[in-house]
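Right, one structure below, let's go through it.
The values are calculated or read from the model by the stated rules, or taken from the named source; none is laboratory data. Being a predicted model, the structure only gives us computed values, none of them experimental. Cβ: placed from backbone, ideal geometry, glycine included. Neighbour counts: every protein chain shown. For the accessible areas, the whole protein counts, side chains as well, though only heavy atoms, and no ligand, DNA or RNA atoms are used. Shrake-Rupley method; radii C 1.70, N 1.55, O 1.52, S 1.80 Å.
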Amino acid sequence: MKIIMLGAPGAGKGTQAKMIADRYGIPHISTGDIFRANIKNGTKLGKEAKGYMDQGLLVPDELTVKLLLDRVAQEDCSDGYVLDGFPRNIPQAEVLDRALADQGERIDYAVDVEVADRHIINRMSGRRACVGCGATYHIVNVPPKKEGICDVCGEALILREDDRPDTVTKRLAVYHEQTQPLIDYYKEKGILKSVDGTMPMEEVFDAITRILG
Ligand code: AP5
């Protein structure tokens, strides 16, 4: 099963994508996580991506598309995957569709996690991310067992650089301009499914599993 997660920054795509990956035994592929791992490791890609990410802008397609296509071509993706953060604009969606069509494949579901902008800033300022394994928490909704420490790997939790309110505002603007048009793109293809992302996360997940079966 090949699934795309859609939704505004902070809508809960990553949270739900991890749960889907666990339930259905498919890899969770987050382009944001891949860029953050590259930044942490000081790679050339990471240095290039960081400048865009810190400003709340999209990383250029030249740096993003091949990376994603190489990733989904790997062996562990043969039974499907859940994409979180890709595609981010219509050109990325078209490249992905063409690459899949060349192999007689296609995306099965595009799941839009709907959360209005007014909820987003609060969610993002409360989010904490692990510098070690990338696990995410929320200081109120999903607190770690020990404040500031990751339950999974014991490393420190940080506020992501791009989760500061002024950068979140920019990311929301970029989302509405460049990413939201994907909702109509997948609606026209007949594979768009929407869920209310303001419900508690287990209820959001139940709604998604009712769709995916
Ligand atoms: P990326 O990492 O993809 O960020 P994003 O899309 O902005 O999404 P987030 O990770 O911020 O949020 P999310 O929806 O996953 O929410 P989460 O589950 O964490 O991208 C970062 C940057 O990388 C981009 O700005 C861009 O520069 C670059 N990039 C990435 N992909 C790219 C691409 N394809 N092309 C170009 N550039 C690209 O949840 C948020 C918080 O809310 C958490 O604290 C969570 O615990 C909490 N929460 C989740 N669900 C609920 C719930 N139901 N109720 C209450 N709280 C909840």
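At-a-glance table
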| quantity | calculated |
| --- | --- |
| Positive dipole terminus of region 1-110, leading residue within 93, 52, 73 (C-beta point charges) | 52 |
| Per residue accessible area in Å² of the chain, where ligands, DNA and RNA are left out and the probe is 1.4 Å | 51 Å² |
| Given 2/189; 66/170; 40/145; 13/146; 40/170, the pairs whose alpha carbons are separated by over 19 Å | 66/170; 40/145; 13/146; 40/170 |
| Translational diffusion coefficient (Stokes-Einstein; Kirkwood radius from C-alpha pairs) of region 47-160 at 4 °C, 1.567 mPa s, in µm²/s | 77 µm²/s |
| Space enclosed by the convex hull of the alpha-carbon atoms of region 12-95, per residue, Å³ | 106 Å³ |
| 198, 179, ranked by accessible area, largest first (probe 1.4 Å) | 198, 179 |
| Ordering of 29-39, 8-18 by burial proxy (mean other Cβ atoms within 10 Å per residue, highest first) | 8-18, 29-39 |
| Shape call, region 85-147: gyration tensor on alpha carbons, a/c limit 1.5 | prolate |
| Distant-in-sequence amide H partners of residue 157 (H built 1.01 Å from N, under 5 Å) | 149, 150 |
| Accessible-area value, residue 125, 1.4 Å probe, nucleic acids and ligands omitted, Å² | 50 Å² |
| Compactness of the chain - radius of gyration and Dmax, Cα, Å | 16.4, 48 |
| Convex hull volume of region 1-58 per residue (C-alpha atoms, cubic angstrom) | 97 Å³ |
| Rounded accessible area of residue 90 (nearest 10 Å², 1.4 Å probe) | 50 Å² |
| Structure-based [θ]222 nm, the chain - -39500 (n - 2.57) summed over DSSP H runs of at least 4, per residue, nearest 500 | -13500 deg cm²/dmol |
| Area accessible to solvent at residue 139, 1.4 Å probe radius, in Å² | 100 Å² |
| Measure of compaction for region 137-213 (Cα Rg per 2.2 N^0.38 Å) | 1.46 |
| Percent carbon-and-sulfur accessible area, region 71-213, ignoring ligands, DNA and RNA, probe 1.4 Å | 48 percent |
